[in-house]
Amino acid sequence: MATKVTTTPWSEVRARRPSPAASEAAADEARITAFRELVYRLRHDAGLTQAELADRMGTTQSAIARMEGGGTRPTLETLEKLATAVGADLVVGVGENLSEHRTIAKLEREGHAVVRRAG
């Protein structure tokens, strides 16, 4: 029994492709999700409640709940406070393909990353 093969014109496939705005929105949502998961994991690993983390960061429990719920975009100041509150280092890097086979120490030596040490 032969299988019927249907084809779709390329113009139709191209028309179904997400718009640049939709792709950007999806990437933004992925970053917010990653931040949400990071806040939860760091808090959990430090053995802190939302209220305890909030106290250490100088904010409110509801602000931590919003972070963990994906309702906020982090500022650099927020990331610094979070790292300090859980005793972690904060690394900010800028450059092309930084994550490919490079260590944080090497990025820092080459001037591509700024490391804010805990404590």
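What follows is calculated from the coordinates using simple rules that are stated; it is not laboratory data. Keep in mind the model is a prediction, meaning the values are calculated, not measured. All Cβ positions, even for glycine, are placed from backbone atoms using ideal geometry, and neighbour counts span all protein chains on display.
Structure values in brief
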item	result
Search result, residues across the stretch 53-79 that are surrounded by fewer than 15 Cβ atoms within 10 Å (Cβ to Cβ) and touching a strand residue (DSSP E or B) at 6+ places or on another chain (Cβ under 9 Å)	76
The listed residue being surrounded by 12 or more Cβ atoms within 10 Å (Cβ to Cβ) and either among the acidic types (Asp, Glu) or free of Cβ contacts under 8 Å to residues at least 24 places away in the same chain (or both), out of 109, 41	41
Members of the stretch 51-71 that are small (Gly, Ala, Ser) and within 19 Å of the chain's Cα centre (by Cα)	63, 65, 69, 70, 71
